[in-house]
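The values are calculated or read from the model by the stated rules, or taken from the named source; none is laboratory data. All of these numbers come straight from a predicted model, not from anything done at the bench. Reconstructed Cβ throughout: ideal geometry from the backbone, glycine too, with neighbour counts over all protein chains shown.
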Amino acid sequence: MRVIGGTAKGMKLKSPDGQAVRPTADRVKEALFNILGYRIIGARFIDIYAGSGAIGIEALSRGAQDCIFIDNQRSNHLLIRENLVKTRLEGGARLIIADAKKALVILSREGAKADLVYLDPPYNCPDLAAVVSSVLEQQIIAQSGLLITEHAHKNRQWADDFASVRQKRYGDTCLTIIEPA
């Protein structure tokens with residue numbers, strides 16, 4: 001796993017052992033950042049279910065102003081911190097060790113607003129629609145912001161409940177882009 005663009009391009013990132021975290025394929029990562037394009041420059045980014053932190057680190061490397069990494073595993077936070085130090089991008093990072101919904105409530109109470117929110121839950125997440133709804137209900141996305149969800153292509157029907165949705169398929173992976181009303 002490596003950073004594929006920006007100031008940390010080519011740097012290898014550590015990933016956790018085992019199957020607990022599924023790294024985003026370079027092909028999907030490249031497609032994601034092509035979709036985001038110029039929006040990433042100066043953006044406030046939130047990486048939910050951050051895992052190794054690869055997506056948030058990629059955002060910082062490509063010019064995001066800052067990134068909040070949310071994951072409920074302490075071991076993942078140690079890994080994210082190590083990857084941030086290695087890429088020298090720790091200055092724009094904040095880490096929250098909490099369940100996604102709990103972290104969203106914290107951010108909402110703080111009045112946090114993000115331009116881009118990236119959500120990459122486990123592929124077998126049974127309540128994906130509920131987590132997406134929670135992100136939208138907590139109003140942490142700026143007026144012109146986007147919510148991007150990475151999920152299994154076979155688990156795409158949940159998105160029918162939301163307006164302003166685009167979906168892009170990359171093999172077994174799907175990116176769902178939601179523009180909050």
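For the reader, a short list of remarks on this structure follows.
- Test for residue 148: is it touching a Phe, Trp or Tyr at 6+ places or on another chain (Cβ under 6 Å), assigned to a strand (DSSP E or B), over 17 Å from residue 101 (Cβ atoms) and β-branched (Val, Ile, Thr): yes
- Selection count where residues are in contact (Cβ under 8 Å) with a residue 60 or more places away in the chain and within 23 Å of residue 140 (Cβ to Cβ), scope segment 166-180: 2
- Only one of the listed residues (62, 27, 2, 81) is over 28 Å from residue 169 (Cβ atoms), surrounded by fewer than 23 Cβ atoms within 10 Å (Cβ to Cβ) and touching a residue at least 12 places away in the same chain (Cβ under 8 Å). That residue is 81.
- One residue stands out in segment 159-174 among those that are part of a strand (DSSP E or B), touching a strand residue (DSSP E or B) at 6+ places or on another chain (Cβ under 7 Å) and not charged (D, E, K, R): the one that is modelled with the lowest pLDDT, namely 165.
- Among the residues of segment 101-114, the ones that are surrounded by 21 or more Cβ atoms within 10 Å (Cβ to Cβ) and touching a helix residue (DSSP H, G or I) at 6+ places or on another chain (Cβ under 7 Å) come to 1 in all.
- Residue count, segment 163-174 (criterion: more than 12 Å from residue 31 (Cα to Cα), within 19 Å of the chain's Cα centre (by Cα) and among the hydrophobic types (A, V, I, L, M, F, W, C)): 1
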